[in-house]
Amino acid sequence: MNLSIYRSIATQYQNLRVINTVPMMNTISHLIEQEVIDKKLPIDFYAGFQRFSRFPDQMRHYQKLGAVARRVFVFGIADVKPPSIPGIEFIELEAGSALAQEWFLLVDSPEFWTLLSTQETDGRDEVTGGRRYDGLWTFDTQVIDRAALIISQVMDRNYEPVTRRDHTIQNQHVTQMTDRLIERMETTRVKSNRRWAHVSTMQQIITSALRKTDVHEMLQQTATILNLTFQASDVVILMRNGETQYRVAASAGETHLKQDMLIDPEGIVGKAISQKSMVLVSDTRKTREREFLIPTAQSIMAVPAVSGERVEGVIMVGGSEASHWGEEDGRVLMSIATLIAQAVEARNNVPVPMSAENTSIEELRAPIVYLMSVHQKMRQEGDLNARQRQYLDYLTRLSFDIAKLLQIPPSQMAKLLAQDNQKP
């Protein structure tokens, strides 16, 4: 018998078939798994991985499942030898079987029941560009009974249907997962909006840095972009003026400007210079760390613009609310600072700005790689419409063009992107 959970329910329950992207399938899978782990449910848990080689990526999660569930059954083609994990049993599928083409999770107990059932189809996933699926997520008891029957037939054991169900406890589980799903969707939406701001900011600043403009005009364009696109309420760009002084080279928003100044080594700018790293003050009201150049900012982030071993300047941005900035914002601003430092050096030292022959161009590669890694994350996590995907395609092509200008080989670009994606 070539049994299939998906085929047995997809036609009859077409109104349930709304799952068709890998990111959404991952989200739902983790919601179900986490509910079992958090509530320590002593139940049988069934998961279809298609191939055992895809299991190691989820090993830590399933070790936790194996520790709390009565038994965890993992189905797939035995293309590799599966690991030995307490509480987990691997069920081998034949390569040509229908179930080997399906990604599924099934829980069927008196107090918690749910099914995620999908089948790999032709084409590419519109979000990730990888494998494409079609399927459903349901709490319908008739659908779940049918899936449980098929699982019992695949495992060649007697089918024992659940005859009495506690809908009160089930509703508690569903409510908990729904709350988590809404929270994740909101987090994804916020991240997506911020990443659009990051991509647009870096793209505009890269374009500005490549133009044949003087240093003052480029820095002022950078400050304006950070104010309008990066959503900084205040922006100050300081550049070195001698050995101990810095001057305000550009600004945007509400700032108190002075042309030249001595830097307080214990202040926000001073720490960014001495530590050669990002300084982030999440809430100036609590820490009382303020910066007189942007006195009304409730959150402040300052990053050094480093060229070689020397700090040539500092970019400081303010937020009108506490906790406005995060670590990912800091990575973007650090990349921008690197671009600015090298762009200033190129304008001061070579007749053609940003020439590929300039050896300091090497330091521009990291910002370009980071920009492209943000593109990838947006495709994987963001819910993009057709116009947004088209615009992101354009930005990606432009980034590759800039990478070619900086003489980054495609093999090195792929390696650097893989390394960047492994960062937390």
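A few comments on the model shown:
- Positions within region 32-46 being touching a strand residue (DSSP E or B) at 6+ places or on another chain (Cβ under 9 Å), more than 13 Å from Glu111 (Cα to Cα) and not aromatic (Phe, Trp, Tyr), in sequence order: Ile32, Glu33
- All positions within region 266-292 that are within 21 Å of Ala341 (Cα to Cα) and part of a loop (DSSP other than H, G, I, E, B): Lys276, Ser277, Met278
- Of the helices (runs of 4 or more DSSP H) lying entirely inside region 1-112, those containing at least 3 residues that are over 31 Å from the mean Cα position of the chain (by Cα) and crowded, with 16+ Cβ neighbours inside 10 Å are 5-10.
- Qualifying residues in region 169-211 (those that are of a type in the set (D, E, K, R) and at pLDDT below 70) - the one nearest to Glu328 (Cα to Cα): Lys191
- Selection within region 211-247: residues that are of a type in the set (D, E, K, R) and assigned to a loop (DSSP other than H, G, I, E, B). The member of this set that is farthest from the chain's Cα centre (by Cα) is Glu243.
- Options Val107, Val162: the member that is closer than 20 Å to Ser4 by Cβ, in contact (Cβ under 8 Å) with a residue 40 or more places away in the chain and not charged (D, E, K, R): Val107
- Of all residues making up region 213-245, the number that are touching a residue at least 60 places away in the same chain (Cβ under 8 Å), among the aliphatic types (A, V, I, L, M) and within 23 Å of Ser323 (Cβ to Cβ): 4
- Residue check, Glu328 in contact with a Ser or Thr (Cβ under 9 Å, 6 or more places away or on another chain), among the acidic types (Asp, Glu), over 21 Å from Val215 (Cα atoms) and surrounded by fewer than 23 Cβ atoms within 10 Å (Cβ to Cβ): no
The values are calculated or read from the model by the stated rules, or taken from the named source; none is laboratory data. Just so it is clear, the model here is predicted, and its values are computed rather than measured. Please note: Cβ atoms are built from the backbone with ideal geometry, for glycine as well, and neighbour counts cover all protein chains shown.
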